[in-house]
Each structure stands twice: as structure tokens, then as C-alpha cells.
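**Student:** I am attaching a structure below and will ask some questions about it afterwards.
The values are calculated or read from the model by the stated rules, or taken from the named source; none is laboratory data. Since we're looking at a predicted model, the values are computed, not measured. Don't worry about glycine lacking a Cβ; one is built from the backbone with ideal geometry, like all the others, and counts go over all protein chains shown. The protein model used for the area step is the full one, side chains on, heavy atoms only, and it has no ligands, DNA or RNA in it. Shrake-Rupley method; radii C 1.70, N 1.55, O 1.52, S 1.80 Å.
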Amino acid sequence: MTEGNIFSRETARAALNCILKAIDQSENASKIKEARDNAGNDMIKRMQFVFPIVMMLQMDVIKEYGFSEGRHGIIQFGQLVRALEREDAEIALLHSKVRSHFLPDIPSSSGASL
């Protein structure tokens, strides 16, 4: 973010909602679905194929909110969102929805025996 820009809760919510909208656009959604289908629940494959797609979409969105393009902007955005999600359940939910697009479903361990 450039100096003087304030990343508020409202801005975080707006950015996360825009990221989710970008992910849900038909062309992007089909790319992500194909990559997820190919990766299955293999975490390494998810990080190799799905994660980059989601991160590119996120980078495209957050630059509109004053973040620099590339790794530094993504890291800064993530840190600010994580700090805000501790105090704001809506931000935590939105961030969780974004992450769910590249993290595999983890089955509940309740009632499961090893």
C-alpha cells in the first residue's frame, strides 16, 4: 500500500468480496475447478496448480486497493487481513472462503479412529 492509504475493515471486506467475485467469474471458476479436479486432495498438487490461479486473481484485485503487484503486495495484504480477522468475524469468514478455493477439504476427525 502506498503511504497515506488506510486499510480499514471496510476496505478489507470490499477487497475480499472482490476476490471472491473474481474467483466465481465463469472463466476463472472453470480454470480453478479443472485444476482442483486434477489435484484432488493432494496438498502439493493443490499448491502447485490451484494456488497460483487464486493468487493471480487476488493480485489483480488488491492492486486496485493500493497494494503493489507481486509477492510483496500479496504478503502485505495477507498480514493486514489476518490482523483484522482476529477482531472481525465477517473478514475471517471471507478470508476463509478465499482460502477454501486452494486448500483441500480436511475431513473432520470427530468419531474417526486411527
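**Student:** With respect to residue 67, is the statement that it is among the aromatic types (Phe, Trp, Tyr), surrounded by 13 or more Cβ atoms within 10 Å (Cβ to Cβ) and free of Cβ contacts under 8 Å to residues at least 24 places away in the same chain true? Full working, then the answer.
**Tutor:** Working: among the aromatic types (Phe, Trp, Tyr): yes; surrounded by 13 or more Cβ atoms within 10 Å (Cβ to Cβ): yes; free of Cβ contacts under 8 Å to residues at least 24 places away in the same chain: no.
For residue 67, the condition - among the aromatic types (Phe, Trp, Tyr), surrounded by 13 or more Cβ atoms within 10 Å (Cβ to Cβ) and free of Cβ contacts under 8 Å to residues at least 24 places away in the same chain - is not met.
**Student:** Also, quick follow-up: If residue 67 satisfies all but one of (1) under 28 Å from residue 88 (Cβ atoms); (2) in a helix (DSSP H, G or I); (3) more than 11 Å from the chain's Cα centre (by Cα), what's the number of the condition it fails?
**Tutor:** (2)
**Student:** Based on what the data block shows, is residue 26 out of contact with any strand residue (DSSP E or B) (no Cβ under 6 Å at 6 or more places or on another chain), open to solvent by less than 80 Å² (accessible area, probe 1.4 Å) and farther than 17 Å from residue 96 by Cα? Quick ask: steps written out before the conclusion?
**Tutor:** Numbers: out of contact with any strand residue (DSSP E or B) (no Cβ under 6 Å at 6 or more places or on another chain): yes; open to solvent by less than 80 Å² (accessible area, probe 1.4 Å): no; farther than 17 Å from residue 96 by Cα: yes.
No, not satisfied.
**Student:** Do we have residue 103 as of a type outside the set (Ser, Thr, Tyr), assigned to a loop (DSSP other than H, G, I, E, B) and touching a residue at least 40 places away in the same chain (Cβ under 8 Å) here? Outline the logic, then answer.
**Tutor:** Working: of a type outside the set (Ser, Thr, Tyr): yes; assigned to a loop (DSSP other than H, G, I, E, B): yes; touching a residue at least 40 places away in the same chain (Cβ under 8 Å): yes.
In short, yes.
The rows are residues; the columns are (1) in contact with a Phe, Trp or Tyr (Cβ under 7 Å, 6 or more places away or on another chain); (2) assigned to a loop (DSSP other than H, G, I, E, B); (3) of a type outside the set (Asp, Glu); (4) open to solvent by 20 Å² or more (accessible area, probe 1.4 Å).
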| site | (1), (2), (3), (4) |
| --- | --- |
| 6 | no, yes, yes, yes |
| 12 | no, no, yes, no |
| 21 | no, no, yes, yes |
| 37 | no, no, no, yes |
| 46 | yes, no, yes, no |
| 50 | yes, no, yes, no |
| 56 | no, no, yes, yes |
